[in-house]
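J.: Following this message is one structure expressed as structure tokens.
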Amino acid sequence: MHRRQFLLASAAATLNSSAPCATPVATYTLAGNGVPGYTNDGGKAAEAQINNPYGLTTGPGGALYVCETGNHVIRRIDLKTGLITTAVGTGRKGYAGDGGPAARALCNEPYEVRFDREGNMYWVEMRNHAVRRLGRTTGIVTTIAGTGEAGFSGDGGPAAKAHLAQPHSIAFDPRGRLLICDIGNHRVRSVDLDTGVIETYLGTGAREATPDGAPIEGTAVNGPRAIGLDPRGNLYLVLREGNKVFRIDPRKGVFQHLAGTGEKGYTGDGGPAREARLNGPKGIAWSPDGGVVIADTENHAIRHIDLKRGVITTLIGNGTRGDGPDGPPLACQTNRPHGVFIDRHSNLYVGDSEAHRVRLLPLRV
């Protein structure tokens, strides 16, 4: 069997399995040919030019949605056929299209995309300082939070009239609230989607260290870059400038330090995650094996934190900036990866940003 056919067959087998995450199989390129561009809509994703893929997730129908910051669009990859299309945006940079269809909307660097329980799509546009929504039944685009101008304002009032500053990551908590990493304001904001009211959930606006065991109220967060939740509602927070990862149990209301010393570096594999060095981490995803995976962006690596043992390891990459090759994960160099997502079948998807590829690493027992 041809090597690429073998990789595709391995991935397909894992897609049809519900086995828990454990052992990496092999990486392969799902989308992108390594050349930045915007081509091949309606064609094979692996042959398309894409441009700086960041956040990614699967939608209600099982397709993969990928934010392309360089093309100012969100692309859709049908995982059954391997075909790529544009879901949101025209390819032109701007801020327009509210009240109209997704195909006519102008976006400015969409960074992350998520779906709510009803299947509505939400995405964050860093350069437009806004979070927008595509209604599943209406097909209409609206702005949920932000005005298009950077700043800090609006707590206690309508989110659509509030100011954000370089929002980077979004997630939904167990109550259905939209959480936003408002990185320029060193806060995580929350939006009650029933009332439309925005509040500060984490952070004070100060660029100070976050102590282990500190209460949620009144504690600073330095560069809150990425957030994710597990099925129990625990929140995982990545601090880009702080070079640390925390868990917040909403029932206990305190920060728990999980990984990173705060110093930049690439150390610690096989040892305690809290003693490891990270370098500008920018993405996080909960894994069905009970751990979390992070994009250790400036180390050009994807790393795994075993939450039971407190141990960190590298899943993809070796710390060297590069582009592949497909195959053994630790030999597959990456180039400033930003987005990570793990589906319920334990498939790890990576937005390998400056390699201009989306990579897939099936994980199996």
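J.: Quick check for me: using +1 on Lys/Arg Cβ and -1 on Asp/Glu Cβ, what's the dipole size of the chain about its Cα centre, in debye to the nearest 20? Present the calculation step by step, with values, prior to reporting the outcome.
T.: Numbers: 41 positive and 35 negative charges, 92 e Å.
So the dipole magnitude of the chain works out to roughly 440 debye.
J.: Could you name the aspartates and glutamates whose alpha carbon sits less than 16 Å from that of Lys252, not counting residues in the same chain fewer than 8 places away?
T.: Leaving aside aspartates and glutamates fewer than 8 places away in the same chain, those within reach of Lys252 are Asp173, Asp212, Glu217, Asp230.
J.: Taking Lys80 as the anchor, which lysines have their alpha carbon closer than 23 Å to its alpha carbon, excluding any fewer than eight residues away along the same chain?
T.: Cross-link targets: Lys44.
J.: Could you state the number of Å between the C-alpha centres of region 230-267 and region 25-77?
T.: If you average the Cα positions of each part, the centres end up 29 Å apart.
J.: How much mean residue ellipticity at 222 nm does the chain get from its helices, if each DSSP H run of length 4 or more adds -39500 (n - 2.57) and you divide by all residues, to the nearest 500 deg cm²/dmol? Show your work: numbers first, answer last.
T.: Values: 1 runs with 13 residues, N = 365.
Taking each H run of at least 4 residues, the total per residue is -1000 deg cm²/dmol.
J.: Another question, if that's okay. Taking amide hydrogens as modeled 1.01 Å from N in the peptide plane, which residues meet the under 5 Å criterion relative to Ala130, leaving out close sequence neighbours?
T.: Result for Ala130 returns Glu125.
J.: Residues in region 168-189, backbone N under 16 Å from the label point at Asp116 (7 Å along the Cα-to-beta-carbon vector): list them, ranges by number please.
T.: Taking a point 7 Å out along Cα→Cβ of Asp116, the residues of region 168-189 whose backbone N falls under 16 Å are 170-180.
J.: If the viscosity is 0.890 mPa s and the temperature 25 °C, what translational diffusion coefficient in µm²/s does Stokes-Einstein give for region 151-276 when Rh comes from Kirkwood over Cα pairs?
T.: On the way: Rh = 14.8 Å.
In µm²/s, the coefficient is 166.
J.: With the full set of protein chains in place, find how many percent of the accessible area of the chain is carbon and sulfur; take the probe as 1.4 Å. Working shown, then result.
T.: Values: 6820 of 14080 Å².
Taking all protein chains in place, the chain shows 48 percent carbon and sulfur surface.
J.: Cut-off under 16 Å on the C-alpha distance; same-chain residues fewer than 8 positions from Lys244 excluded. Which lysines are left, in chain and number order?
T.: Here the lysines satisfying the reach criterion relative to Lys244 are Lys264, Lys282.
J.: So what is the accessible area of region 175-226 per residue, in Å², with the probe set to 1.4 Å? Before the final figure, lay out each step's value.
T.: Values: 2040 Å² over 52 residues.
Normalised by residue count, the accessible surface of region 175-226 is 39 Å².
The values are calculated or read from the model by the stated rules, or taken from the named source; none is laboratory data. These numbers come from a predicted model, not from an experiment. Note that each Cβ is placed from the backbone with ideal geometry, even for glycine, and that neighbours are counted across all protein chains shown. Accessible surface is based on the protein model in full, side chains and every heavy atom, while ligands, DNA and RNA are left aside. Shrake-Rupley method; radii C 1.70, N 1.55, O 1.52, S 1.80 Å.
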